[in-house]
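Asks: Let me begin by handing over the structure; questions about it come next.
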Amino acid sequence: MAPVPVSVITGFLGSGKTTLLARLLRDPALARAAVIVNEFGAVGLDHLLVEASDEEIVLLDSGCVCCSVRGDLVRTAGSLLARRAAGTIAPFERIVIETTGLADPAPILHALMTDPAIADSLCLESVIATVDAAAGAATLDAHPESVKQAAIADRIVVTKTDLSDPAANGLLERLRALNPAAPRLTAAHGVVDSNRLFGGGMHDAQGADVRRWLAAEALPHDSADHGHVHAGGRRGDGITTFCVRRGTPLRAVTLTLFLQVLAEHCGARLLRLKGLVDVLERPGRPAVIHGVQHVFHPPTWLDAWPDADRTTRMVVIAHGLDPLWLEALLDALDAEVAERVSTARED
Amino acid sequence: MRNDAVWNARISRVLWGALEVWGVSGTVVPDPDDANVFVISPRTGPELRVRRDAAAGWAVTLRDPASGAEVGLGRHAGLAGLLRRLRDELAPEAPAGRLVIGAQQMPDRDAGAR
């Protein structure tokens, strides 16, 4: 049975997550969705609102989802899957998780990516962040959680556009600087085209999302490659997005060491990393890599390069990381590995 | 690996960047007398010397601020081990993670991926 796609809706308190979700659940395209919401506080207001729909609702009952994610979320998702398999609930085709406004979405993604109890049955499809058109800028100023939510998202929905124009007040441009690869959609009263939120392979194995990240309009500061590692960048709210390029193939061990060092020393700063990597040992078959902080999907090997550009490209969204440091680190590790290979051959 | 000016600048940048990531104030200066040595001087605490030897890898020594004597802290075959050692010495409270490869494959939306 094909894995069930999972989408995570995140966004700061009052940013319109539940309104968005409630509207989405009226869309026939999401008629067979199971929803997991997280109650935060004494009154499960979000739950009551969502409960009005006819969807499968599961209420987590132990506080913030990011704190209890390993237990409750995994157990809840597992329970849904088991009940679906047993035929005791409607055969849902998708799971949507709504986090609390204060949640860091990364631990939720980590649980979905790593827990062996559910990893084979689910596939992380997308992270959707809601940002309030009227209060969003102030929220980004005051709450680092909201910055991270927007930076880590695959799609950003600017809500309450009936109250404020996000283009006029600069919010859209700010979000673009924060996360240039994420399409920014607008919603008034929670109305948005669900086709633009779900599906489309944001975490897909074919590298389509990586190519989207690499699109010129997404990374205008990514300078032309000159056959070596190259990084460009743009900054916003302490978040930097840049592309590390390399014109020559990387040894698999160099790539592993590079990711290990990043995970070990700057996992929390490394919000997202997606890449197409030309691995020396597998010529003509690029590896798609995708990580959220220190947790990565297993690499997927493509049969062929998806476009004419056959260079390694790793797009990084990070908080407080210098692109030139990553460039130097990759160069240094590669030189070190090359030296060892050369020495081993001589021996 | 050629220990030339390019290599020297690259390693300096790696070490500088690591200090920044760990939140350590200090300097990294190539030893003018030995191109294979980098001197790391944190704003507080003793100076560390990092020496690259093609055969033996990286050696880390601590210079006693009082006597000037050098104490070996260990050898590391590669840069990854060296950075781990330096973090342990210079910023033991800095967050330390580890690479996790999840159990979940990325969704395969057509037959091209293996």
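The values are calculated or read from the model by the stated rules, or taken from the named source; none is laboratory data. Since the model is a prediction, treat every value here as computed from it, not as a measurement. Here the Cβ is made from the backbone with ideal geometry for all residues, glycine too, and neighbour counts use every protein chain on show.
Asks: Just for segment A:299-347: of the residues that are small (Gly, Ala, Ser) and in a loop (DSSP other than H, G, I, E, B), which one is farthest from the other protein chains (Cβ to nearest Cβ)?
Replies: Restricting attention to segment A:299-347, the residues satisfying the condition of being small (Gly, Ala, Ser) are A:304, A:308, A:318, A:320, A:328, A:332, A:335, A:338, A:342, A:344.
From what's left, in a loop (DSSP other than H, G, I, E, B): A:304, A:308, A:320.
Values: A:Ala304: 8, A:Ala308: 17, A:Gly320: 8 Å.
Ranking the candidates gives A:Ala308 first.
Asks: Just one of A:Gly320, A:Gly291, A:Gly267 is at positive phi and either more than 23 Å from the chain's Cα centre (by Cα) or in contact (Cβ under 8 Å) with a residue 12 or more places away in the chain (or both); which is it? Let's see the steps before the verdict.
Replies: Working: A:Gly291 fails: at positive phi; A:Gly267 fails: at positive phi.
A:Gly320 is the lone residue from the list that is at positive phi and either more than 23 Å from the chain's Cα centre (by Cα) or in contact (Cβ under 8 Å) with a residue 12 or more places away in the chain (or both).
Asks: Could you check segment A:95-138 and list, in sequence order, the residues that are farther than 25 Å from B:Arg98 by Cβ, within 14 Å of another protein chain (Cβ to nearest Cβ) and out of contact with any Lys or Arg (no Cβ under 7 Å at 6 or more places or on another chain)?
Replies: If the condition is that a residue be farther than 25 Å from B:Arg98 by Cβ, within 14 Å of another protein chain (Cβ to nearest Cβ) and out of contact with any Lys or Arg (no Cβ under 7 Å at 6 or more places or on another chain), then A:Ile95, A:Ser121, A:Glu125 are the ones that fit.
Asks: Another question, then. Would you confirm whether any residue within segment B:96-108 is more than 23 Å from A:Leu273 (Cα to Cα), surrounded by 15 or more Cβ atoms within 10 Å (Cβ to Cβ) and not acidic (Asp, Glu)? Can you show your working first?
Replies: Step one: of segment B:96-108, the residues more than 23 Å from A:Leu273 (Cα to Cα) are none.
Among the residues of segment B:96-108, not one is more than 23 Å from A:Leu273 (Cα to Cα), surrounded by 15 or more Cβ atoms within 10 Å (Cβ to Cβ) and not acidic (Asp, Glu), which makes the answer no.
Asks: Is there a residue being under 11 Å from the mean Cα position of the chain (by Cα) and either surrounded by fewer than 16 Cβ atoms within 10 Å (Cβ to Cβ) or not polar (S, T, N, Q) (or both) anywhere in segment B:64-75?
Replies: Start the filter on segment B:64-75 by keeping residues that are under 11 Å from the mean Cα position of the chain (by Cα), which leaves none.
No, segment B:64-75 contains no residue that is under 11 Å from the mean Cα position of the chain (by Cα) and either surrounded by fewer than 16 Cβ atoms within 10 Å (Cβ to Cβ) or not polar (S, T, N, Q) (or both).
Asks: Applying the selection to segment A:80-123, what residues are among the charged types (D, E, K, R) and assigned to a helix (DSSP H, G or I)? Quick ask: steps written out before the conclusion?
Replies: Taking segment A:80-123 and keeping what is among the charged types (D, E, K, R), we get A:83-84, A:93-94, A:98, A:104, A:115, A:120.
Result: A:Arg83, A:Arg84.
Asks: So for segment A:70-89 (the condition being touching a Gly at 6+ places or on another chain (Cβ under 8 Å), surrounded by fewer than 24 Cβ atoms within 10 Å (Cβ to Cβ) and modelled with pLDDT under 85), does at least one residue qualify?
Replies: Residues of segment A:70-89 touching a Gly at 6+ places or on another chain (Cβ under 8 Å): none.
No, because not a single residue in segment A:70-89 is touching a Gly at 6+ places or on another chain (Cβ under 8 Å), surrounded by fewer than 24 Cβ atoms within 10 Å (Cβ to Cβ) and modelled with pLDDT under 85.
Asks: Does segment B:13-43 hold any residues that are touching a strand residue (DSSP E or B) at 6+ places or on another chain (Cβ under 8 Å), under 20 Å from B:Gly57 (Cβ atoms) and buried (at least 16 other Cβ atoms within 10 Å of the Cβ), and which are they?
Replies: At the first step, the residues of segment B:13-43 found to be touching a strand residue (DSSP E or B) at 6+ places or on another chain (Cβ under 8 Å) are B:15-16, B:19, B:24-31, B:34, B:36-43.
Next, only the ones that are under 20 Å from B:Gly57 (Cβ atoms) stay: B:15, B:28, B:30-31, B:34, B:36-40.
B:Leu15, B:Val28, B:Pro30, B:Asn36, B:Val37, B:Phe38, B:Val39, B:Ile40 - these are the residues of segment B:13-43 that are touching a strand residue (DSSP E or B) at 6+ places or on another chain (Cβ under 8 Å), under 20 Å from B:Gly57 (Cβ atoms) and buried (at least 16 other Cβ atoms within 10 Å of the Cβ).
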